[in-house]
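Computed from the coordinates by the stated procedures, all read-outs in this text should not be read as laboratory data. Everything numeric here is computed off the predicted structure, so don't read it as measured data. All Cβ positions, even for glycine, are placed from backbone atoms using ideal geometry, and neighbour counts span all protein chains on display.
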Amino acid sequence: MRVLRPPAPEDIELVRSLEAAASSVDGHESLASFVWRDLASPSHETSGILGVADTTPVGYAHLGPSDTIGDPHLVAALVVDPDHRDGGLVASELLDALVREATILGTTRVVLWCNGANDDLDALAGTRGFTRFGEQFQMRVPLPLAESPKWPSDVSVRSFVPGQDDADWLRVNNRAFHGHPDQGGWDQSTLARRLAEPWFDPAGFLLAFEGTELAGFCWTKVHHDARDDRLGEIYVIGVDPDHQGTGLGRALTVAGLEHLARDRECPTGMLYVDGANRAALGLYRALGFTVHRSDRAYEWMPGRS
């Protein structure tokens, strides 16, 4: 195990090769977008752990700071070469190395996200001191939908204008996701990092107003999955608590998917939803979404066995 603080450009290319090999077999990415954001602009808390057999990279684990406001902790992810997965040895060694590095950094908490997780991974993570504490589903639907958005009365819709709508959007987002560990509590710096992403397109960031008051939003993005299929993602969707129960959430979902199908020519819509959010799951299933895969979060805290 080689600890990289932080990974150098040549190390990042090795990580990209590992990710490409894994995704070609799994059909999905192992390393989430936060890993690539962190590698592009590493902090003093950024660490990479590269597993090498002889001279061949066999796995990589990433540890970096969360940008969740008010909840300082480290986030982690890992990828293992498909030819070196038998027995779980490489994954176990990477998890042990993550724990050692987190201990050196003095963190009080690590959240490890694993895409396409299953009960075998639950068991493996448990043996290394990680406890499962969250699950989200990636859901997909063929596009276009058969329905059009049905807006509540007095609602108007337009695209987000950077610099003009930032404060209103932050207010509504933080009200809609109050207490949420990842989406709640954003500030201007969190939003600025997302607006600087290469995929950001203001035309796909829809704002719904009742009069002059922002009532809800649907933020979309377009990317390709591991098999190079064009995916239109509902990145974040939220409704101010004062406007919930009006049908605005469904209308925004349909409008976002309509934009992705019509304007961005995406044949598939996709989103992530908390596995415990029954109301959202019911809405998305009613629109034709089905679960494509399960992603799980595991927590490690020092002193907890």
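With r defined as the distance between the Cβ atoms of Ala167 and Arg304 and R0 fixed at 35 Å, what FRET efficiency is calculated, to the nearest 0.05?
Between Ala167 and Arg304 the formula returns 0.35.
So what does the Cα-only Debye profile of the range 74-208 read at q = 0.09, 0.13, 0.18 Å⁻¹, as log10 I(q)/I(0), no solvent term?
Each listed q maps to, in turn, -0.47, -0.86, -1.15.
Please figure out what share of the DSSP beta bridges in the chain is antiparallel and state it in percent, rounded to the nearest 5.
Just about 90 percent of them are antiparallel.
Taking Cα atoms, how many degrees apart are the long axis of helix 248-262 and the longest axis of the chain, rounded to 10 and kept between 0 and 90?
80 degrees
On average over all directions, what projected area in square nanometres does the range 30-86 have, based on the convex hull of its Cα atoms?
4.8 nm²
May I ask for the distance between the Cα centers of the range 177-218 and the range 61-118, given as a whole number of Å?
Cα centres, the range 177-218 to the range 61-118: 28 Å.
In nm, to one decimal, how far is the modelled label at Val52 from the one at Tyr272, with both set 7 Å along Cα→Cβ?
According to this spin-label approximation, the distance is 3.1 nm.
Rounded to the nearest whole Å³, what is the per residue volume of the convex hull around the Cα atoms of the range 207-256?
Given the Cα convex hull of the range 207-256, per-residue volume reads 73 Å³.
Using only Cα atoms and rounding to the nearest 10 degrees, what angle (0 to 90) does helix 89-105 make with the longest principal axis of the chain?
The helix 89-105 is inclined about 80 degrees to the chain.
Which order do peptides 285-298, 154-167, 250-263 fall in by mean Cβ count within 10 Å, highest first?
Packing order, densest peptide first, comes out as 250-263, 285-298, 154-167.
Based on Cα coordinates alone, diagonalise the gyration tensor for the chain, multiply each eigenvalue by 5, take square roots, and list the semi-axes in whole Å, largest first.
That gives 35, 21, 18 Å for the three semi-axes.
Report the local net charge at Trp300: Lys and Arg +1, Asp and Glu -1, summed over other residues whose C-beta lies under 10 Å from its C-beta.
Net charge in that neighbourhood comes out at +2.
Would you compute, from DSSP H runs of 4+ residues alone, the mean residue ellipticity of the chain at 222 nm, taking -39500 (n - 2.57) per run and dividing by the full residue count, rounded to the nearest 500?
Computed mean residue ellipticity for the chain: -9500 deg cm²/dmol.
By how many degrees, between 0 and 90 and to the nearest 10, does the Cα long axis of helix 9-26 differ from the longest principal axis of the chain?
70 degrees
Provide the FRET efficiency to the nearest 0.05 for the Leu195-Asp86 pair, computing r from the beta carbons and using R0 = 45 Å.
The computed FRET efficiency comes out at 0.55.
Find the all-direction average of the projected area of the Cα convex hull for the range 144-266, expressing the result in square nanometres with one decimal place.
It is 8.0 nm².
For labels at Thr131 and Leu145 in the simple 7 Å Cα→Cβ model, what's the distance in nm?
3.8 nm
Starting from 0.36 nm per residue, how many nanometres of slack lie between Asp154 and Ser33 once their C-alpha separation is accounted for?
In short, 39.9 nm is gained.
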